[in-house]
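Contents: one structure, followed by commentary.
The values are calculated or read from the model by the stated rules, or taken from the named source; none is laboratory data. Keep in mind that this is a model prediction, so the values were computed, not measured. Cβ coordinates were reconstructed from backbone atoms using ideal geometry, including for glycine residues, and neighbour counts include every protein chain displayed.
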Amino acid sequence: MAARGFTIGILQHPLAAILGFAAILYSAALLFQAVKIIGVCYLQYLAYRVLQSDRALAVSADMKPAPLGRLRSAGLALVQCAGHDMAEP
């Protein structure tokens, strides 16, 4: 399921290029900077939530596996972070 989310995330980058969003972000430096700042704020929010959760980093034998939808969204988030590094000029 994580692979499916990863694939869905990969498809967003060519779609953005086809629709012209990539060109807009490339030509508008201020807009691109705003998108990067929003991404950084979101990552800081996620880190804060992990640190505030008492069970986020805990491992035990009786833990249930993550739901499939959550794995798919984790794969999608992973490709968005990886795609950001590839998109920077």
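Go through segment 60-69 and give me each residue that's exposed (fewer than 10 other Cβ atoms within 10 Å of the Cβ) and under 23 Å from residue 3 (Cα atoms).
Answer for segment 60-69, where residues must be exposed (fewer than 10 other Cβ atoms within 10 Å of the Cβ) and under 23 Å from residue 3 (Cα atoms): 63, 64, 65.
Which one is modelled with the lowest pLDDT among residues in segment 33-69 that are charged (D, E, K, R) and more than 13 Å from the chain's Cα centre (by Cα)?
The selected residue is 55.
Scan segment 1-24 residue by residue and report those that are assigned to a helix (DSSP H, G or I), in contact (Cβ under 8 Å) with a residue 24 or more places away in the chain and among the hydrophobic types (A, V, I, L, M, F, W, C).
2, 3, 6, 8, 10, 22 - these are the residues of segment 1-24 that are assigned to a helix (DSSP H, G or I), in contact (Cβ under 8 Å) with a residue 24 or more places away in the chain and among the hydrophobic types (A, V, I, L, M, F, W, C).
Can you spot a residue in segment 36-46 that is outside any helix (DSSP H, G or I) and more than 28 Å from residue 71 (Cβ to Cβ)?
no
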